[in-house]
There are 2 protein chains.
Amino acid sequence: MNGLKTSRCLSSSVMLLKRSGNIQVKVTGVKRLSTAEAPATLTKENGKTRVLTMETLNPQVKAVEYAVRGPIVIKAGEIEKELLQGMKKPFSEVIKANIGDAHAMGQQPITFLRQVVALCTCPELLDSPVFPEDAKARARRILQGCGGNSLGSYSASQGLDCIREDVAMYIEQRDGGVPADPNNIYLTSGASDGISTILKLLVAGEGLSRTGVMIPIPQYPLYSAAISELDAVQVNYYLDEDNCWAMDVNELHRALSTARKYCNPRVLCIINPGNPTGQVQSRKCIEEVIHFAYKENLFLLSDEVYQDNVYSPDCKFHSFKKVLCEMGPEYFNNVELASFHSTSKGYTGECGYRGGYMEVINLEQEVRAQMMKLLSVRLCPSVSGQVAMDVVVNPPRSGEQSCEQFTKEKKSILSNLAERAKLTEEILNTVPGIRCNPVQGAMYAFPRIFIPPKAIEEAKVLGMAPDMLYCLRLLEETGICVVPGSGFGQKEGTYHFRMTILPPSEKLKLLLEKVKDFHIKFLQRYAALDAMSR
Amino acid sequence: MNGLKTSRCLSSSVMLLKRSGNIQVKVTGVKRLSTAEAPATLTKENGKTRVLTMETLNPQVKAVEYAVRGPIVIKAGEIEKELLQGMKKPFSEVIKANIGDAHAMGQQPITFLRQVVALCTCPELLDSPVFPEDAKARARRILQGCGGNSLGSYSASQGLDCIREDVAMYIEQRDGGVPADPNNIYLTSGASDGISTILKLLVAGEGLSRTGVMIPIPQYPLYSAAISELDAVQVNYYLDEDNCWAMDVNELHRALSTARKYCNPRVLCIINPGNPTGQVQSRKCIEEVIHFAYKENLFLLSDEVYQDNVYSPDCKFHSFKKVLCEMGPEYFNNVELASFHSTSKGYTGECGYRGGYMEVINLEQEVRAQMMKLLSVRLCPSVSGQVAMDVVVNPPRSGEQSCEQFTKEKKSILSNLAERAKLTEEILNTVPGIRCNPVQGAMYAFPRIFIPPKAIEEAKVLGMAPDMLYCLRLLEETGICVVPGSGFGQKEGTYHFRMTILPPSEKLKLLLEKVKDFHIKFLQRYAALDAMSR
């Protein structure tokens, strides 16, 4: 077996924090060197050489990590299968609180949305008296925009015109009249697709000129994964846990000036409301961030997929676009901003449809043409996902037949979520050794957990992050699947987990009580061990 | 403006064949060097620096080309808008024969497929007497596999279990009992997504070790685009136009030994039935190709999205998997093969659903885990696309309620396509200066066109490929949109275009007559100019 010079694979200024099974703040310095010195033929099986092996695999792929569906979730799947096979466990089901998947947790679809999609799917239903007229009118309008009046035709790569117009209108209304141009709207496969596309455009350079991408820590691991895959440099700025996970401009300055020593930071990513941290940014803070981006010449990526998920009565969602406009033309005409939305979150929770859009402003004309070319290679986003997105941005209006039912369904879902957000925070804060910030928005709690030194030691021996050990034990003993904080990044020496607030309230209460019992036992067990080893 | 050292961007052994507006056989030697020496701030607009400019754009993105939705199609869109605005043209509509988009050309959806998708979308319809029982049973089965019984939940990143089981069963039946394992099946967003994913895994190395990817010329430009984006080396093997676009193993040997001087060829891509060339590979030829891949240690990518589109009575589709198995265990247990299918082609033509699957065999376990990790970042393919794929691989069976209608619809679509394939070949071959191989399968004709020297000269002056000039004139004078052969690659000094055979027969006849008239006029015009300049 050929020895690979892995030491050459690391950029000097980025720390390696990886252990097997452990997902720490990400490493991004891996360059495509590892196979350069390796011969083409490496492993043999049955006497025959394989082309694709761990040694010849794209090292940028190897560097990718994605905790939300990582080792803990794979383990949860195995346990589920064991339960199905009748294996005895201290619990009867696995509760997947690892991912923001509302329907999987029992949330019902918004009726109007599904009606419109079904009508577009089977236009014969347009004659059925079962469907309301406003849903039919919407379906007719969308089908008119489709080639051959069929959802089965490719749309334009940017998405259907009529849906992009609806998106633009939605943004204008949301932002109190700030103009939005349908030409700046691109329909995407969920938000992830749009984020990856924009980052792909922005990545360039070698050595000290490599593109640096500033992301919050804790972050949603799509960002670190995309950065690894694109071989860019991850630049961390830390959110302030003691201040309800607020963004702090001084910290941005610190992160930027440090990063400028080893790369070329060109992008600043913001997640608002925060994932996994659940904070909602204040208007003042957004203004400071925009000013910072303007001064430091950074391209802004604003991930606003939780814009409808604000629960705290003291908080309000402000879009970056709106604040940018209010700061005056010098900002509004110059700062490059891409913002993202999705059908997967909000009150619709339609993850499976992979609907989404991005709005990109102040993009140079030629660059826009390059982006269009790139988008055209994947032909178009799912057209049914586009239809779902249309309903999200253009729900039934007052006076229309479906409005009452729609409003009722929407209110019920959002008030349930608000209740669960409160419940989660409250119960977690009753547990000794757990401290949870208010869940102001989004769909997750990200509590800080105290892990006894003896448990940290045991994790080290097992080659995993301490919070990975914690989450693994939680899963094995209670069936509750949450994601370790190390998968999102956290300040060194602190430990967290992310759990969704999506289970129905009664189930959520039980779940939280189980977490409480587990945590107390966990503390006792390792404190006892501590005492024994003294 | 900073001068970029573009000369450093080319690997010595790959020729640059690009001109503005021209799409020739692709350049792949572009490395991420161009911005390394460029300062961060390059262009100024209104006194303010832009972050993302043509100078700072990812050079791998810049290198991507995709003719099927390229400059000629953008021009077609502009002309369509002019027509809508009432501008006078020598034609009343633009006919988009540039892309295999069946529904846009009037093909009707398969009823059963849409019924199943609609039932999954609105489960209340399961109580409606309008829908047949077999469609309801199918929808129930799929919904049982979805989290919360909803299409709105994320599926596993690999796709829904029950659908992957149906895919495996389909493959086994298609291949006369050759075993297929659902664990080797991955549902994708169309075939493009799967192809890009597999190529992404296989790309590694620098300099002489850079991964070389062998692709047919002419090719479907997804391949060249993905290769550019991944910064791999495109290795061309030429199909034999004089032999009905057959693949020739001697040519593979030539291409491989040439490529080994400047890169590390690790992948061999095959498109069967061919796009844009319409040939169907013989079993003997497939066996030779597999033997070649086995001997030379190449990973096989077999793009079989047109497996249901075989029209010539002398031809039969053979899957690479089946032939591989028939060649014995030494081949079947060792050759690494990924094959691809899609909802977009065949007789369903459901492009907008972005449904697809890939089957990957002989992948190392650890590599498979890496691929799963990579797939999990984009969460899952569109679930409604997965449902559409399910119907493609598991249509109603004999004795089931929907079978008769399904069979009728399928037969009608396929016999229409066969008629149009024949029609296209026949009419094109009546045109002096056009020679068209039989369209044995797929959805396109790729006729060779004679372009007079004077027209070639004019194209040079205009800085475009001669067949781009030809297609542009065809579009401007007749409203017919086809794609120049240079967008797919072709032997130097030969010219072609790709057109779909999808328009209804009567319309197709008119279209072909228009092409004929145009071509004759084109020859006359430039022959006259020729004579004048003597």
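The values are calculated or read from the model by the stated rules, or taken from the named source; none is laboratory data. Note that the structure is a prediction, hence the values are computed from the model and not measured. All Cβ positions, even for glycine, are placed from backbone atoms using ideal geometry, and neighbour counts span all protein chains on display.
Listed values, structure above:
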item	result
Residue satisfying condition, being closer than 20 Å to A:Leu510 by Cα and at pLDDT below 95, within set A:Pro432, A:Pro447	A:Pro432
Flag if B:Ser12 is modelled with pLDDT under 90 and touching a Pro at 6+ places or on another chain (Cβ under 7 Å)	no
B:Glu404 vs. criteria assigned to a helix (DSSP H, G or I), at the interface with chain A (Cβ under 8 Å from one of its Cβ atoms) and over 30 Å from A:Gly355 (Cα atoms)	no
First in the range A:406-429 and more than 18 Å from A:His103 (Cα to Cα), second anywhere and small (Gly, Ala, Ser), Cβ under 7 Å, 6 or more apart	A:Leu423/A:Ser505; A:Thr424/A:Ala445; A:Glu425/A:Ala445; A:Leu428/A:Ala445
For B:Met169: the one exception among (1) within 30 Å of B:Ala369 (Cα to Cα); (2) more than 8 Å from chain A (Cβ to nearest Cβ); (3) touching a Leu at 6+ places or on another chain (Cβ under 7 Å)	(3)
Test for B:Leu414: is it more than 13 Å from chain A (Cβ to nearest Cβ), of a type outside the set (Lys, Arg), farther than 21 Å from B:Asp166 by Cα and crowded, with 16+ Cβ neighbours inside 10 Å	yes
Any chance B:Leu113 is buried (at least 24 other Cβ atoms within 10 Å of the Cβ), part of a loop (DSSP other than H, G, I, E, B) and either among the aliphatic types (A, V, I, L, M) or at pLDDT below 95 (or both)	no
Tally, over the range A:234-249, of residues that are in a helix (DSSP H, G or I) and among the polar types (S, T, N, Q)	1
Members of the range A:260-271 found to be within 12 Å of chain B (Cβ to nearest Cβ), crowded, with 18+ Cβ neighbours inside 10 Å and either at pLDDT below 95 or part of a loop (DSSP other than H, G, I, E, B) (or both), listed by number	A:Cys263
Residue match in the range B:250-259 (condition: outside any helix (DSSP H, G or I), farther than 24 Å from B:Pro447 by Cα and assigned by TED's automatic domain parsing to the domain that holds B:Gly352)	no
Selection status of A:Gln219, closer than 24 Å to A:Val323 by Cβ, in a helix (DSSP H, G or I) and either touching a strand residue (DSSP E or B) at 6+ places or on another chain (Cβ under 9 Å) or at pLDDT 95 or above (or both)	no
Unique match (being at pLDDT below 95 and not assigned by TED's automatic domain parsing to the domain that holds B:Thr277) among B:Ser398, B:Ser312, B:Ser402	B:Ser398
The range B:194-212 residues that are surrounded by 22 or more Cβ atoms within 10 Å (Cβ to Cβ), paired with ones that are assigned to a helix (DSSP H, G or I) and of a type in the set (Gly, Ala, Ser) (beta carbon under 8 Å, 6 or more apart)	B:Ile195/B:Ala226; B:Leu199/B:Ala226; B:Gly212/B:Ala259
Extreme residue, surrounded by the most Cβ atoms within 10 Å (Cβ to Cβ), among residues of the range B:342-373 that are farther than 27 Å from B:Tyr306 by Cβ, in contact (Cβ under 8 Å) with a residue 60 or more places away in the chain and at the interface with chain A (Cβ under 7 Å from one of its Cβ atoms)	B:Val367
Hey, B:Val383 of a type in the set (A, V, I, L, M, F, W, C), at the interface with chain A (Cβ under 9 Å from one of its Cβ atoms) and more than 25 Å from B:Leu502 (Cβ to Cβ) or not	yes
Flag if A:Val94 is at pLDDT below 95 and not hydroxyl-bearing (Ser, Thr, Tyr)	yes
Residue within the range B:141-151 that is under 22 Å from B:Val323 (Cα atoms), surrounded by 19 or more Cβ atoms within 10 Å (Cβ to Cβ) and either aliphatic (A, V, I, L, M) or touching a strand residue (DSSP E or B) at 6+ places or on another chain (Cβ under 7 Å) (or both) present	no
A:Tyr186 vs. criteria farther than 26 Å from A:Gly278 by Cα, buried (at least 20 other Cβ atoms within 10 Å of the Cβ) and at pLDDT 95 or above	yes
Residue list for the range A:181-208, filter: within 11 Å of chain B (Cβ to nearest Cβ), part of a helix (DSSP H, G or I) and more than 19 Å from the chain's Cα centre (by Cα)	A:Leu201, A:Leu202, A:Gly207, A:Leu208
Within the range A:312-341, considering residues that are within 13 Å of chain B (Cβ to nearest Cβ) and acidic (Asp, Glu), the one nearest to A:Ile99 (Cα to Cα)	A:Glu336
Residue satisfying all of: in the range B:94-107; within 8 Å of another protein chain (Cβ to nearest Cβ) and part of a loop (DSSP other than H, G, I, E, B); surrounded by the fewest Cβ atoms within 10 Å (Cβ to Cβ) among these	B:Gly106
Filtered residues of the range B:460-469 (kept if crowded, with 22+ Cβ neighbours inside 10 Å and either more than 13 Å from B:Ser486 (Cα to Cα) or touching a His at 6+ places or on another chain (Cβ under 9 Å) (or both))	B:Asp467
Boolean, A:Leu428 is on the phi > 0 side of the Ramachandran plot and surrounded by 17 or more Cβ atoms within 10 Å (Cβ to Cβ)	no
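Condition check ((1) in a loop (DSSP other than H, G, I, E, B); (2) surrounded by 23 or more Cβ atoms within 10 Å (Cβ to Cβ); (3) facing another protein chain (nearest Cβ under 8 Å); (4) in contact with a Pro (Cβ under 9 Å, 6 or more places away or on another chain)) across all residues:
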| site | (1), (2), (3), (4) |
| --- | --- |
| A:Glu78 | no, no, no, no |
| A:Met87 | yes, no, no, no |
| A:Ser92 | yes, no, no, no |
| A:Cys120 | no, yes, no, no |
| A:Asp134 | no, no, no, yes |
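Residues are listed down the side, and each one gets a yes or a no for (1) touching a helix residue (DSSP H, G or I) at 6+ places or on another chain (Cβ under 8 Å); (2) of a type outside the set (S, T, N, Q); (3) in contact (Cβ under 8 Å) with a residue 12 or more places away in the chain; (4) within 12 Å of chain B (Cβ to nearest Cβ):
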| position | (1), (2), (3), (4) |
| --- | --- |
| A:Pro221 | yes, yes, yes, yes |
| A:Tyr238 | yes, yes, yes, no |
| A:Asp242 | no, yes, no, no |
| A:Ser282 | no, no, yes, no |
